[in-house]
Amino acid sequence: MNDMIRMGEKGIRTELDNLMKQLGYGSQPYLVYRHADIDRVHFHIVSTRIDKQSGKKIKDNFEKDKVQKFIKELEQTYQLKNDEPNEKINLKFTAYSKNLKQNLDNLFTELNRMDFISSKQMYDDALKLFHIEIRQVQKGHLVFVTDGNGNPVRHPIKMSDFEERPRYYLPEQKTLSQHFEKHPQFDLIEQSSGVLKSLVLKELIRQVKTQFDDGSGFRNKRYKLKKQKNRAKRKL
(Lines give C-alpha, C1' and ligand atoms only; values in the text may rest on other atoms or scores of the structure.)
Protein backbone atom coordinates (compact mmCIF):
# COMPACT_ATOMS: atom_id res chain seq x y z
CA MET A 1 0.00 0.00 0.00
CA ASN A 2 2.91 2.39 0.66
CA ASP A 3 4.00 2.03 -2.97
CA MET A 4 0.51 2.89 -4.20
CA ILE A 5 0.46 6.02 -2.06
CA ARG A 6 3.89 6.97 -3.36
CA MET A 7 2.82 6.56 -7.00
CA GLY A 8 -0.62 8.09 -6.63
CA GLU A 9 -3.76 7.30 -8.63
CA LYS A 10 -2.60 9.35 -11.62
CA GLY A 11 0.85 7.76 -11.57
CA ILE A 12 -0.62 4.26 -11.50
CA ARG A 13 -2.85 5.00 -14.50
CA THR A 14 0.10 6.48 -16.39
CA GLU A 15 2.39 3.54 -15.69
CA LEU A 16 -0.25 0.96 -16.62
CA ASP A 17 -0.55 2.74 -19.96
CA ASN A 18 3.26 2.79 -20.31
CA LEU A 19 3.39 -0.95 -19.59
CA MET A 20 0.90 -1.69 -22.36
CA LYS A 21 2.90 0.45 -24.77
CA GLN A 22 6.13 -1.36 -23.85
CA LEU A 23 4.48 -4.72 -24.52
CA GLY A 24 3.16 -3.56 -27.90
CA TYR A 25 -0.46 -3.01 -26.85
CA GLY A 26 -0.40 0.80 -26.74
CA SER A 27 -3.05 1.25 -29.45
CA GLN A 28 -5.15 -1.71 -28.29
CA PRO A 29 -8.32 -1.46 -26.20
CA TYR A 30 -7.77 -2.85 -22.70
CA LEU A 31 -9.54 -3.20 -19.38
CA VAL A 32 -7.91 -2.78 -15.96
CA TYR A 33 -9.48 -4.44 -12.93
CA ARG A 34 -8.26 -3.43 -9.50
CA HIS A 35 -9.05 -5.63 -6.52
CA ALA A 36 -7.69 -7.17 -3.31
CA ASP A 37 -8.79 -10.79 -3.15
CA ILE A 38 -5.51 -11.56 -1.39
CA ASP A 39 -3.62 -9.57 1.23
CA ARG A 40 -2.53 -6.84 -1.21
CA VAL A 41 -4.11 -4.59 -3.84
CA HIS A 42 -3.21 -5.57 -7.39
CA PHE A 43 -4.36 -5.12 -10.98
CA HIS A 44 -5.46 -7.40 -13.79
CA ILE A 45 -5.16 -6.15 -17.36
CA VAL A 46 -7.26 -7.72 -20.12
CA SER A 47 -6.71 -6.97 -23.81
CA THR A 48 -6.58 -8.78 -27.16
CA ARG A 49 -3.57 -10.08 -29.07
CA ILE A 50 -5.20 -9.34 -32.42
CA ASP A 51 -4.07 -5.94 -33.71
CA LYS A 52 -7.19 -3.83 -34.24
CA GLN A 53 -5.66 -2.14 -37.29
CA SER A 54 -3.90 -4.98 -39.15
CA GLY A 55 -5.94 -7.92 -37.86
CA LYS A 56 -2.71 -9.83 -37.23
CA LYS A 57 -1.44 -11.35 -33.98
CA ILE A 58 0.73 -9.03 -31.91
CA LYS A 59 4.19 -10.49 -31.31
CA ASP A 60 4.68 -11.70 -27.76
CA ASN A 61 8.39 -12.46 -27.87
CA PHE A 62 10.30 -11.81 -24.63
CA GLU A 63 7.23 -10.48 -22.80
CA LYS A 64 8.52 -11.73 -19.46
CA ASP A 65 11.87 -9.94 -19.95
CA LYS A 66 10.08 -6.75 -21.00
CA VAL A 67 7.90 -6.82 -17.89
CA GLN A 68 10.89 -7.38 -15.59
CA LYS A 69 12.73 -4.48 -17.20
CA PHE A 70 9.65 -2.28 -16.78
CA ILE A 71 9.35 -3.23 -13.09
CA LYS A 72 13.00 -2.35 -12.41
CA GLU A 73 12.59 1.03 -14.12
CA LEU A 74 9.40 1.61 -12.12
CA GLU A 75 11.18 0.84 -8.85
CA GLN A 76 13.94 3.32 -9.71
CA THR A 77 11.57 6.07 -10.87
CA TYR A 78 9.35 5.95 -7.78
CA GLN A 79 11.94 4.58 -5.34
CA LEU A 80 9.80 1.56 -4.60
CA LYS A 81 10.89 -1.27 -2.37
CA ASN A 82 9.53 -4.55 -1.07
CA ASP A 83 8.19 -3.83 2.40
CA GLU A 84 6.43 -7.17 2.79
CA PRO A 85 7.86 -9.51 5.45
CA ASN A 86 9.34 -12.83 4.39
CA GLU A 87 6.59 -15.42 4.11
CA LYS A 88 6.84 -18.68 6.02
CA ILE A 89 7.14 -21.86 4.01
CA ASN A 90 3.71 -23.39 3.58
CA LEU A 91 3.38 -26.80 1.95
CA LYS A 92 -0.40 -27.05 2.35
CA PHE A 93 -1.96 -26.33 -1.05
CA THR A 94 -5.64 -25.44 -1.51
CA ALA A 95 -7.78 -23.30 -3.78
CA TYR A 96 -7.02 -20.32 -1.53
CA SER A 97 -3.29 -20.80 -0.89
CA LYS A 98 -1.29 -17.59 -0.81
CA ASN A 99 2.15 -17.23 -2.44
CA LEU A 100 1.41 -20.35 -4.49
CA LYS A 101 4.35 -20.17 -6.88
CA GLN A 102 6.91 -19.51 -4.13
CA ASN A 103 5.60 -22.35 -1.99
CA LEU A 104 5.59 -24.73 -4.96
CA ASP A 105 9.22 -23.74 -5.58
CA ASN A 106 9.91 -24.64 -1.94
CA LEU A 107 8.15 -27.99 -2.32
CA PHE A 108 10.15 -28.87 -5.44
CA THR A 109 13.36 -27.89 -3.62
CA GLU A 110 12.58 -30.18 -0.68
CA LEU A 111 11.57 -33.15 -2.86
CA ASN A 112 14.63 -32.69 -5.10
CA ARG A 113 16.83 -33.23 -2.04
CA MET A 114 15.27 -36.62 -1.26
CA ASP A 115 17.51 -39.26 -2.84
CA PHE A 116 15.08 -42.08 -2.08
CA ILE A 117 12.69 -40.63 -4.68
CA SER A 118 14.32 -42.59 -7.48
CA SER A 119 11.83 -42.42 -10.38
CA LYS A 120 9.43 -40.05 -12.07
CA GLN A 121 6.49 -42.13 -10.83
CA MET A 122 7.68 -41.83 -7.24
CA TYR A 123 8.14 -38.09 -7.69
CA ASP A 124 4.60 -37.74 -9.02
CA ASP A 125 3.26 -39.83 -6.13
CA ALA A 126 5.11 -37.63 -3.66
CA LEU A 127 3.59 -34.50 -5.24
CA LYS A 128 0.11 -36.00 -4.91
CA LEU A 129 0.63 -36.23 -1.15
CA PHE A 130 0.44 -32.42 -1.27
CA HIS A 131 -2.44 -32.34 -3.81
CA ILE A 132 -0.10 -31.28 -6.60
CA GLU A 133 -0.06 -32.80 -10.10
CA ILE A 134 2.09 -32.11 -13.15
CA ARG A 135 0.38 -32.67 -16.48
CA GLN A 136 1.83 -32.56 -19.97
CA VAL A 137 0.35 -30.22 -22.56
CA GLN A 138 1.32 -29.55 -26.16
CA LYS A 139 4.21 -27.23 -25.42
CA GLY A 140 5.39 -28.40 -22.01
CA HIS A 141 3.94 -29.08 -18.58
CA LEU A 142 1.45 -27.39 -16.26
CA VAL A 143 1.41 -27.62 -12.45
CA PHE A 144 -2.05 -28.08 -10.92
CA VAL A 145 -3.38 -27.82 -7.37
CA THR A 146 -6.09 -30.46 -6.98
CA ASP A 147 -8.71 -31.47 -4.44
CA GLY A 148 -6.85 -34.74 -3.76
CA ASN A 149 -8.96 -36.63 -6.29
CA GLY A 150 -7.32 -35.21 -9.40
CA ASN A 151 -9.77 -32.34 -9.90
CA PRO A 152 -8.04 -28.93 -10.37
CA VAL A 153 -9.15 -26.28 -7.89
CA ARG A 154 -7.32 -23.27 -9.34
CA HIS A 155 -5.62 -22.03 -12.49
CA PRO A 156 -2.43 -24.00 -13.32
CA ILE A 157 1.08 -22.55 -13.51
CA LYS A 158 3.45 -23.20 -16.41
CA MET A 159 6.50 -25.29 -15.49
CA SER A 160 8.74 -22.79 -17.29
CA ASP A 161 7.73 -20.10 -14.75
CA PHE A 162 9.46 -21.88 -11.86
CA GLU A 163 13.02 -21.22 -10.74
CA GLU A 164 13.25 -24.65 -9.10
CA ARG A 165 12.20 -27.42 -11.49
CA PRO A 166 11.11 -30.89 -10.31
CA ARG A 167 13.99 -33.29 -10.69
CA TYR A 168 12.29 -35.55 -13.24
CA TYR A 169 11.02 -32.69 -15.38
CA LEU A 170 14.36 -31.06 -16.17
CA PRO A 171 15.35 -30.56 -19.83
CA GLU A 172 18.22 -33.03 -19.44
CA GLN A 173 17.88 -36.01 -17.11
CA LYS A 174 20.05 -38.76 -15.73
CA THR A 175 18.61 -42.09 -16.79
CA LEU A 176 16.73 -44.13 -14.23
CA SER A 177 19.32 -46.89 -14.37
CA GLN A 178 22.07 -44.40 -13.50
CA HIS A 179 20.12 -43.27 -10.45
CA PHE A 180 19.50 -46.87 -9.33
CA GLU A 181 23.24 -47.57 -9.60
CA LYS A 182 23.80 -44.76 -7.13
CA HIS A 183 20.83 -45.68 -4.89
CA PRO A 184 20.14 -49.44 -5.39
CA GLN A 185 18.48 -49.81 -1.98
CA PHE A 186 15.53 -47.63 -3.02
CA ASP A 187 14.48 -49.24 -6.31
CA LEU A 188 11.47 -51.07 -4.87
CA ILE A 189 10.05 -48.37 -2.61
CA GLU A 190 7.63 -47.09 -5.26
CA GLN A 191 5.54 -50.25 -4.88
CA SER A 192 4.13 -48.92 -1.59
CA SER A 193 2.56 -45.46 -1.42
CA GLY A 194 2.38 -45.79 2.37
CA VAL A 195 6.15 -46.24 2.61
CA LEU A 196 6.72 -43.29 0.29
CA LYS A 197 4.45 -41.04 2.33
CA SER A 198 6.22 -42.05 5.54
CA LEU A 199 9.66 -41.36 4.05
CA VAL A 200 8.69 -37.98 2.57
CA LEU A 201 7.08 -36.75 5.79
CA LYS A 202 9.97 -38.04 7.90
CA GLU A 203 12.48 -36.21 5.71
CA LEU A 204 10.49 -32.97 5.78
CA ILE A 205 10.25 -33.14 9.57
CA ARG A 206 13.99 -33.74 9.79
CA GLN A 207 14.74 -30.72 7.61
CA VAL A 208 12.38 -28.48 9.55
CA LYS A 209 13.90 -29.69 12.83
CA THR A 210 17.38 -28.92 11.51
CA GLN A 211 16.33 -25.34 10.72
CA PHE A 212 14.57 -25.06 14.08
CA ASP A 213 17.64 -26.17 16.03
CA ASP A 214 20.24 -24.06 14.21
CA GLY A 215 21.79 -20.85 15.54
CA SER A 216 18.75 -18.80 14.55
CA GLY A 217 16.16 -21.27 15.85
CA PHE A 218 13.87 -20.52 18.77
CA ARG A 219 14.80 -23.68 20.62
CA ASN A 220 18.49 -22.82 20.49
CA LYS A 221 17.82 -19.27 21.71
CA ARG A 222 15.67 -20.54 24.54
CA TYR A 223 18.42 -22.96 25.59
CA LYS A 224 21.02 -20.18 25.57
CA LEU A 225 18.77 -17.91 27.64
CA LYS A 226 18.17 -20.67 30.20
CA LYS A 227 21.92 -21.33 30.38
CA GLN A 228 22.63 -17.63 31.01
CA LYS A 229 20.05 -17.55 33.84
CA ASN A 230 21.63 -20.61 35.49
CA ARG A 231 25.05 -18.93 35.37
CA ALA A 232 23.62 -15.79 36.96
CA LYS A 233 22.08 -17.83 39.79
CA ARG A 234 25.40 -19.57 40.50
CA LYS A 235 27.16 -16.18 40.73
CA LEU A 236 24.59 -15.03 43.32
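The values are calculated or read from the model by the stated rules, or taken from the named source; none is laboratory data. Not measured: the values here are computed from a predicted model. Cβ placement follows ideal geometry from the backbone for every residue including glycine, while neighbour counts extend to all protein chains displayed.
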> Limited to the stretch 100-116, what total is found for residues that are more than 12 Å from the chain's Cα centre (by Cα) and without any contact (Cβ under 8 Å) to a residue 60 or more places away in the chain?
Replying inline: 1
> Out of the residues in the stretch 28-47 that are modelled with pLDDT of 90 or more and not in a strand (DSSP E or B), which is surrounded by the fewest Cβ atoms within 10 Å (Cβ to Cβ)?
Replying inline: PRO29
> Listed residues LYS92, LYS101; which is among the basic types (Lys, Arg) and either modelled with pLDDT under 85 or not in a helix (DSSP H, G or I) (or both)?
Replying inline: LYS92
>> Among the residues that make up the stretch 59-70, is at least one of them at pLDDT 85 or above, part of a strand (DSSP E or B) and aliphatic (A, V, I, L, M)?
In response: no
